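Pasting a structure below so you can have a look.
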Amino acid sequence: MNLDVQTTIAWIQKLNDKIQSNKDHLTSLDRAIGDGDHGINMARGFQEVSKVIEGAEFSSPSDVLKKVATTVMSKVGGASGPLYGTAFLKMSMANKEETVDGDGLAGMLEEALAGIKQRGKAEKGEKTMVDVWEPVVEAMNEEFDSGRLREVAQSSMEATEELKATKGRAAYLKDRSIGHLDPGSVSSFYLFEAMAEALEESE
Amino acid sequence: MKKLINDPNDIVTEMLDGFVAAYPNAVRRVPDTTVIVRKDSPVENKVGLISGGGSGHEPAHAGFVGHGMLDAAVAGEVFTSPTPDQVFEAIKAVDSGAGVLLVIKNYTGDVMNFEMAAELAEAEGIKVDHVVVNDDVAVEDSSFTTGRRGVAGTVFVHKIAGALAAEGASLEEVKAVAEKVIHNVKTMGMALKPCIMPASGEPGFELAEDEMEIGIGIHGEPGSETKKMASANEIVDELMEHVLPELELSGSDEVAVMVNGMGATPAMELYVLNKRVQEQLSEKGIGVHETFVGDYMTALEMAGFSITLLKVDDELKKLLDAPSKAPAFLK
């Protein structure tokens, strides 16, 4: 379970593929409890990310993730831009090795989660992406495993349906936010699913 | 979807170019950005005042750029906060050394993007501070939630803080008066019809022919409650019931009133609504310093309106009355 430059690029390209093919799904989830632009913003931003990292030279996963972070911050906008931008920036700062092992990966995700919580001032249980990131970080701190990563990310994402939003634009809906998946948790699931796939294929 | 657009992807940039072309003597666009600034920026020895947010709220925010109001407006994609690099470009364009105040509407995305821009500017030695507008009483105010949204009351923050900055006040003084306006301004809105996002072609919520949405924001997001349609007077009464208690007005107090159209509300209906607003205030013995009726903070082609009340004292009245050359707020 090691992350090198090539696997990092594969991870991000897979993430972009998932976002592009689920653009309308993310947007319709956001329309129900937000302002209906999550898919549009993520698709615009990650299309650019995909273009920027394709064929470029990188020395480490950290190097790739830094480029992803700055592109996401300037191209996504809304709340997702700063949150995902901060997550990728923190991951790039957490570990600068050429190859990152399982413990290193868990450490990167932990730093990213801390960055997301600090930037978004959110805690677990508020129907935000933290509800996927925190269980994932807890599980990966025990032992980093791609199958478990996918599993925890998926079940946590599905569990946001029953939560009442108290952060983000869905909070304005109060009880009406219950019964809908949180769009940021769904895109976070794609991020972890893409990561698991890239790691498995590199073995 | 039927809209007067070319490519939905070009809507913001084409709108900004068209805006500058309409007021070429007053404003200019910072090249390769979505930033509109006063043509004479940066203004020597004056605190720079910047606002902005997603597009789709026209004439906000670029319409409020001009002598006596904003120095710059930063436009994001439709209903999407602008990114930190764009806000940073605006800060650099208006900073004359006297400092810069950012007027942010309270949305998760706007607050994060503007704060990140402020961090970038501080790293370059520019003095930056910010205020967060949260005038929408439809949303519960609690430290455990995102808090109230910033809506039409933001226009009064632009006007009053802009007027004080024009007098040469310090960054601290301009921030203090902006916070005073924020403390004294309350708004609530409703919609008859949702707006349609140009990129997706879909409405933000569905309403039956005999329904209305109470407590809406300015992004086509659903409101706090869907109700059966009522008369103009009944709707005004309901909104005023929420707005008035928040200001704790007494008999001798005065307010400034804004009856704001959401984009597709006929001026005729706004005046009908304003008639009832004024009757309500008069019945309660509350004086009206000045009334503004029109489209100031819109949500694309949403049909609906909001009522904003600003409690004014002598200082706020004087600054509200001061001259403004902003195209959408000429005084």
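The values are calculated or read from the model by the stated rules, or taken from the named source; none is laboratory data. Remember, predicted model here, so these are calculated numbers, not experimental data. Here the Cβ positions follow ideal geometry from the backbone for every residue, glycine too, while neighbour counts run over all protein chains shown.
Considering every residue within the range A:41-60, establish whether at least one is of a type outside the set (A, V, I, L, M, F, W, C), surrounded by 24 or more Cβ atoms within 10 Å (Cβ to Cβ) and within 12 Å of another protein chain (Cβ to nearest Cβ).
yes
Follow-up question, since we're still on this one. Looking only at the range B:138-171, count how many residues are among the acidic types (Asp, Glu) and either within 14 Å of chain A (Cβ to nearest Cβ) or more than 18 Å from residue B:43 (Cβ to Cβ) (or both).
Adding up the residues that qualify gives 2.
For the range A:81-95: of the residues being buried (at least 24 other Cβ atoms within 10 Å of the Cβ) and hydrophobic (A, V, I, L, M, F, W, C), which is farthest from the other protein chains (Cβ to nearest Cβ)?
A:91
Just to be sure before I move on: is residue B:303 surrounded by fewer than 21 Cβ atoms within 10 Å (Cβ to Cβ) and either in the same structural domain as residue B:174 (by TED's automatic domain parsing) or at pLDDT 95 or above (or both) in the structure I sent?
When the stated conditions are applied, residue B:303 passes them.
Among the residues of the range A:26-37, which ones are at the interface with chain B (Cβ under 10 Å from one of its Cβ atoms), touching a residue at least 12 places away in the same chain (Cβ under 8 Å) and in a helix (DSSP H, G or I)?
Matches in the range A:26-37: A:27, A:30, A:32, A:33.
So is residue B:285 away from chain A (no Cβ under 14 Å), on the phi > 0 side of the Ramachandran plot and within 23 Å of the chain's Cα centre (by Cα) or not?
Considered against the rule, which asks whether it is away from chain A (no Cβ under 14 Å), on the phi > 0 side of the Ramachandran plot and within 23 Å of the chain's Cα centre (by Cα), residue B:285 comes out as no.
Which members of the range B:31-83 meet the condition of being β-branched (Val, Ile, Thr) and either surrounded by fewer than 24 Cβ atoms within 10 Å (Cβ to Cβ) or farther than 15 Å from residue B:154 by Cβ (or both)?
B:33, B:34, B:35, B:36, B:37, B:43, B:47, B:78, B:80, B:83 - these are the residues of the range B:31-83 that are β-branched (Val, Ile, Thr) and either surrounded by fewer than 24 Cβ atoms within 10 Å (Cβ to Cβ) or farther than 15 Å from residue B:154 by Cβ (or both).
Residues of the range B:171-207 being charged (D, E, K, R) and assigned to a strand (DSSP E or B), which ones?
Once the filter is applied, which keeps residues that are charged (D, E, K, R) and assigned to a strand (DSSP E or B), the range B:171-207 yields B:186, B:193.
Mind checking which residues of the range B:235-248 are under 23 Å from residue B:147 (Cβ atoms) and either within 14 Å of another protein chain (Cβ to nearest Cβ) or among the hydrophobic types (A, V, I, L, M, F, W, C) (or both)?
B:239, B:240, B:243, B:244, B:247
So, one more: Please go through the range B:31-58 and give me each residue that is assigned to a loop (DSSP other than H, G, I, E, B), under 20 Å from residue B:165 (Cβ atoms) and either of a type in the set (Val, Ile, Thr) or touching a residue at least 12 places away in the same chain (Cβ under 8 Å) (or both), ordered by number.
B:39, B:41, B:42, B:43, B:44, B:45, B:46, B:47
Which condition number in (1) surrounded by fewer than 24 Cβ atoms within 10 Å (Cβ to Cβ); (2) in contact with a strand residue (DSSP E or B) (Cβ under 6 Å, 6 or more places away or on another chain) is the one that residue B:154 fails?
With (1) surrounded by fewer than 24 Cβ atoms within 10 Å (Cβ to Cβ); (2) in contact with a strand residue (DSSP E or B) (Cβ under 6 Å, 6 or more places away or on another chain) applied to residue B:154, the lone miss is (1).
Among the residues in the range A:175-195, are any without any contact (Cβ under 8 Å) to a residue 12 or more places away in the chain and within 14 Å of another protein chain (Cβ to nearest Cβ)?
Yes, the conditions are met somewhere in the range A:175-195.
Starting from the range B:63-79, keep only residues that are closer than 10 Å to residue B:90 by Cβ, then list their pairs with residues that are surrounded by fewer than 24 Cβ atoms within 10 Å (Cβ to Cβ) and of a type in the set (Phe, Trp, Tyr) whose Cβ atoms are within a distance under 7 Å, requiring at least 6 positions of separation or different chains.
That search, which allows pairs on different chains as well, returns nothing.
Would you mind finding the one in B:189, B:263 that is within 14 Å of chain A (Cβ to nearest Cβ), within 30 Å of residue B:2 (Cα to Cα) and at pLDDT 95 or above?
Within the list B:189, B:263, the selection yields B:189.
Among residues belonging to the range A:5-21 that are polar (S, T, N, Q) and surrounded by 19 or more Cβ atoms within 10 Å (Cβ to Cβ), point out the one that is nearest to residue B:194 (Cα to Cα).
A:16
Could you tell me which residue of the range B:5-30 is surrounded by the most Cβ atoms within 10 Å (Cβ to Cβ), considering only residues that are touching a residue at least 24 places away in the same chain (Cβ under 8 Å) and not hydrophobic (A, V, I, L, M, F, W, C)?
Among those that are touching a residue at least 24 places away in the same chain (Cβ under 8 Å) and not hydrophobic (A, V, I, L, M, F, W, C), it is B:23.
A further question on this structure: Pairs needed: first member in the range B:95-119, more than 9 Å from chain A (Cβ to nearest Cβ) and among the basic types (Lys, Arg); second member anywhere, assigned to a strand (DSSP E or B) and surrounded by fewer than 24 Cβ atoms within 10 Å (Cβ to Cβ); C-beta distance under 6 Å; at least 6 residues apart or different chains.
Sorted first by the residue in the range B:95-119, then by its partner, the list stays empty.
Let me ask another. How many residues are surrounded by 15 or more Cβ atoms within 10 Å (Cβ to Cβ) and outside any helix (DSSP H, G or I) when one looks only at the range B:263-291?
Counting residues in the range B:263-291 that are surrounded by 15 or more Cβ atoms within 10 Å (Cβ to Cβ) and outside any helix (DSSP H, G or I) gives 7.
So, of the residues in the range B:80-94 that are β-branched (Val, Ile, Thr) and more than 7 Å from chain A (Cβ to nearest Cβ), which turns out to be nearest to the chain's Cα centre (by Cα)?
Among them, the one singled out is B:87.
Every residue in the range B:208-234 that is assigned to a loop (DSSP other than H, G, I, E, B) and within 14 Å of chain A (Cβ to nearest Cβ), please.
The answer is B:215, B:216, B:217, B:218, B:219, B:220, B:221, B:222, B:223, B:224.
Follow-up. Checking residue B:77 against (1) modelled with pLDDT of 95 or more; (2) outside any loop (DSSP other than H, G, I, E, B); (3) within 14 Å of chain A (Cβ to nearest Cβ), which single condition isn't satisfied?
(1)
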